[in-house]
1. So how far apart, in nm, are the two label points at Asn235 and Asp209 if each is 7 Å from Cα heading toward Cβ?
2. Sort the following peptides by mean Cβ neighbour count (other Cβ atoms within 10 Å, averaged over residues), highest first: 74-80, 212-218, 200-206.
3. Beyond a 26 Å Cα-Cα separation, which of these cross-linked pairs lie in this structure: Lys223/Lys265; Lys157/Lys183; Lys72/Lys187; Lys78/Lys197; Lys72/Lys183?
4. By counting other Cβ atoms within 10 Å of each Cβ, how are Ser193, Ser61 ranked from fewest to most?
5. Residue by residue through segment 183-188, what is 3J(HN,Hα) from phi via Karplus (6.51 cos²θ - 1.76 cosθ + 1.60, θ = phi - 60°)? Round to whole Hz and write x for glycine and proline.
6. What is the fewest-to-most order of Leu252, Leu89, Leu62 by other Cβ atoms lying within 10 Å of their Cβ?
7. Applying a 10 Å radius around every beta-carbon, put 262-274, 227-239 in order of their mean neighbour count, most first.
Amino acid sequence: MRIEAICLIVVLAGASALAQQAVPPPPQPAPDKPVAANPPTTSAPAAVQPAANPTAANGPSLEVTLKFIQDKVNDQGKIVYVESISDSLTGERAEENASLGFAHRPSSAKASPSLARGVMKKGYAGAAGPSPEQYADTEVAAVNPAGILSIKETGTKTEAPRSAWVVAAGTEDWTKVWPVNFKNVGKLEVISSTDYKHRMNPAMTYQDDPAYFELVVHMAAGKPATQHILTVPSNRHARSTESDENIQEFALHFRDEDAANRVAKAMIHAIELCGGGSAPELF
């Protein structure tokens with residue numbers, strides 16, 4: 001009996017100790033995730049739009065740019081200058097040989113359409129006479145808001161003298177008109193008038209007084225401008241003629257280099273606004 005009582009006490013004491021130990025609660029289920037008010041769709045992400053040209057977007061509008069170009073070109077007016085021509089090899093001046101100047105003067109057909117703009121207002125008077133006085137007269141006649149300028153150029157062409165004693169056989173006035181779409185312009189450059197003439201005609205060296213500058217506009221390959229030419233002879237018995245000619249380049253005339261460079265930069269901006277190719281380099 002005594003042994004049984006002791007065992008009972010031990011069992012009860014062990015049960016009491018187990019009852020006092022903390023029993024961990026059963027695992028709880030994970031809380032439900034909140035349901036979004038507008039569940040995401042599985043559609044493809046929106047396409048990324050190309051960034052706009054910051055220069056074109058932040059600069060003046062096309063209308064303002066075209067008006068600036070028109071005003072600056074037309075502000076130049078008629079540039080009257082005296083041209084001296086000499087042989088690049090011998091140095092012989094045209095004033096010493098009347099036929100030299102006429103024979104080597106660049107023409108619109110053989111060189112650049114903008115080089116046959118001179119007018120002999122005083123004529124060739126031989127060695128003792130003055131150099132021929134000429135003029136450069138180009139204007140922007142009209143502006144199309146779509147990015148097109150209408151260029152107009154006037155001048156007088158003097159025929160070669162029949163002999164050293166005859167100044168000229170006659171003259172003819174001409175007017176050239178052509179549209180320029182800035183989307184089709186490929187390259188621009190600013191160059192002195194004398195360097196431009198010499199490049200077109202390396203056999204001769206030119207000096208202009210006063211000096212002026214050319215903004216040469218090169219059209220993109222395969223995208224020429226069409227020039228309409230009206231020629232009116234001074235001889236009343238001769239007939240006026242009209243013709244069309246595709247040109248790949250032309251020149252606008254400026255009294256100073258700074259004005260030419262400003263217009264060139266405006267033209268680059270116009271090309272960007274018109275969606276043309278890469279902006280042409282100015283050099």
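Read the figures in this text as sums done on the coordinates, not as results from a lab. Please read these numbers as outputs of a predicted model, since none were measured by experiment. Don't worry about glycine lacking a Cβ; one is built from the backbone with ideal geometry, like all the others, and counts go over all protein chains shown.
1. 3.5
2. Most protected by this proxy first, the peptides run 212-218, 200-206, 74-80.
3. Lys157/Lys183
4. The order, fewest Cβ neighbours first, is Ser61, Ser193.
5. 5, 9, 7, x, 7, 10
6. Ascending number of Cβ neighbours within 10 Å: Leu89, Leu62, Leu252.
7. Packing order, densest peptide first, comes out as 262-274, 227-239.
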